[in-house]
Amino acid sequence: MELIFRILNKCIHSLDNKSENKLIKYFYAKLVMILTGGVRNNYYLKEENIGFISKARGAGRDCLNIYRIVITSEKKLFEKIYLNNSSSLKKCLKFYDDYYKLYNTFGIKIPQLLGVIKSKYATALYFEYVNEEMSSVNYFHTGYKFVMNNNIRKYDEPKFTDDYLNELYLLKPYKQLPKLKQKYGLNNLAQYANKVLKSSRLCYNHGDFNKRNVIGEYVIDWDNFDLYPEGHDLSFFLVISYKMDVISASEVFGYVDEYTAENQNAAAKECIYVLLLLNCESYIRNKEDELLMKLIGIVEKYVGGSTHKT
Ligand SMILES: Nc1ncnc2c1ncn2[C@@H]1O[C@H](COP(=O)(O)OP(=O)(O)OP(=O)(O)O)[C@@H](O)[C@H]1O
Ligand SMILES: [Mg+2]
């Protein structure tokens, strides 16, 4: 089934710009009907009530990478089709079942999950549709509010193990870890960074907090919601905002101080510096970059004097 999904996604990508074609709409509707077992009468009304979201094309392997707006008598819905047993589906449902309400109390807006249609091979989720034009609020504004509050932890979870780290190697910043030693010739640095991550508290994080997953005040796409080293979203967000020239290098450090002061957690600070370094290595091309240089300096000092000393 996974293979079929992948082939379908390839076909869907080749349909770019043609998605308003009536025939394609018709075939796609049939496809969704087959995948979701035809349990769709509640949502699929007349054809004119269904449209593709132009420009929205995912890259994931767990979802059909084309999305529709479905208009019911009361609401506009965003439809996303997941392969059953996919990790994206599990993570997203876990978020909505157990954490959605809590995150809402932070003042972060999150689209409601309004329908779940589970079938033999696939599950269709229907989210509240968020209208991009409605909001003038930008990524930084929403992101700041989000990352500063995002420190929900679970004390009973196992520590960050090698297995865990291997899984996270799939994510771009963690891939940089083995490269640190090679690049800076600092034997201890890579080992140190590894140790810091492993001894970090694990916190729930969004996991893919990029610009495309923020629409005005809304944070969407909870498919990567999971436990990560503390500051996973924060460090990504700060490096990307710095890269976009929204904040300066010294402001990056200011926000880290603000976060760690509020959470009264000195160990988190060390972990966040490591994560910032890994994100810089991933997303900043300039080797002489100010933030990158400062981080190297800080982390080198930590290697000398840290409790995580190797
Ligand atoms: N609730 C929603 N209301 C309106 N538009 C949405 C909604 N959810 C998602 N979208 C649009 O569809 C796009 C893809 O959705 P989503 O991020 O959930 O999927 P994805 O597979 O992770 O795709 P991507 O790789 O683009 O992030 C989003 O970038 C956004 O433009
Ligand atoms: Mg997304």
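Per-structure values
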quantity: Selection within segment 260-278 - farther than 18 Å from Lys198 by Cβ and at pLDDT 90 or above; calculated: none
quantity: Qualifying residue in segment 137-152 (condition: at pLDDT below 75 and surrounded by fewer than 16 Cβ atoms within 10 Å (Cβ to Cβ)); calculated: yes
quantity: Some residue of segment 21-30 being at pLDDT 75 or above and not in a loop (DSSP other than H, G, I, E, B); calculated: no
quantity: In segment 235-273, the residues that are part of a helix (DSSP H, G or I) and small (Gly, Ala, Ser); calculated: Ser235, Ser241, Ala249, Ser250, Gly254, Ala261, Ala266, Ala267, Ala268
quantity: Single match in Glu128, Glu133, Glu79 (criterion: more than 13 Å from ligand 2 (Cβ to nearest atom), modelled with pLDDT under 85 and not aliphatic (A, V, I, L, M)); calculated: Glu133
quantity: Residues within segment 59-107 that are of a type in the set (Phe, Trp, Tyr) and either touching a Gly at 6+ places or on another chain (Cβ under 7 Å) or closer than 26 Å to Tyr26 by Cα (or both), tallied; calculated: 3
quantity: Filter result (at pLDDT 95 or above and either assigned to a loop (DSSP other than H, G, I, E, B) or surrounded by 19 or more Cβ atoms within 10 Å (Cβ to Cβ) (or both)) within segment 97-112; calculated: Ile110, Pro111, Gln112
quantity: Of residues in segment 210-234 being within 20 Å of Lys94 (Cα to Cα) and assigned to a helix (DSSP H, G or I), the one farthest from ligand 1 (Cβ to nearest atom); calculated: His232
quantity: Odd one out for Tyr283, checked against (1) buried (at least 18 other Cβ atoms within 10 Å of the Cβ); (2) touching a residue at least 40 places away in the same chain (Cβ under 8 Å); (3) farther than 15 Å from Arg201 by Cα; calculated: (1)
quantity: Number of positions in segment 78-118 that are touching a helix residue (DSSP H, G or I) at 6+ places or on another chain (Cβ under 7 Å) and either away from ligand 1 (no atom under 15 Å from the Cβ) or acidic (Asp, Glu) (or both); calculated: 2
quantity: Close pairs (7 angstrom Cβ cut-off, 6 or more residues apart or separate chains): outside the structural domain of Ser199 (by TED's automatic domain parsing) in segment 245-268, of a type outside the set (Gly, Ala, Ser) and part of a helix (DSSP H, G or I) anywhere; calculated: none
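The values are calculated or read from the model by the stated rules, or taken from the named source; none is laboratory data. Not measured: the values here are computed from a predicted model. Positions of Cβ are backbone-derived with ideal geometry, glycine not excepted, and every protein chain shown enters the neighbour counts.
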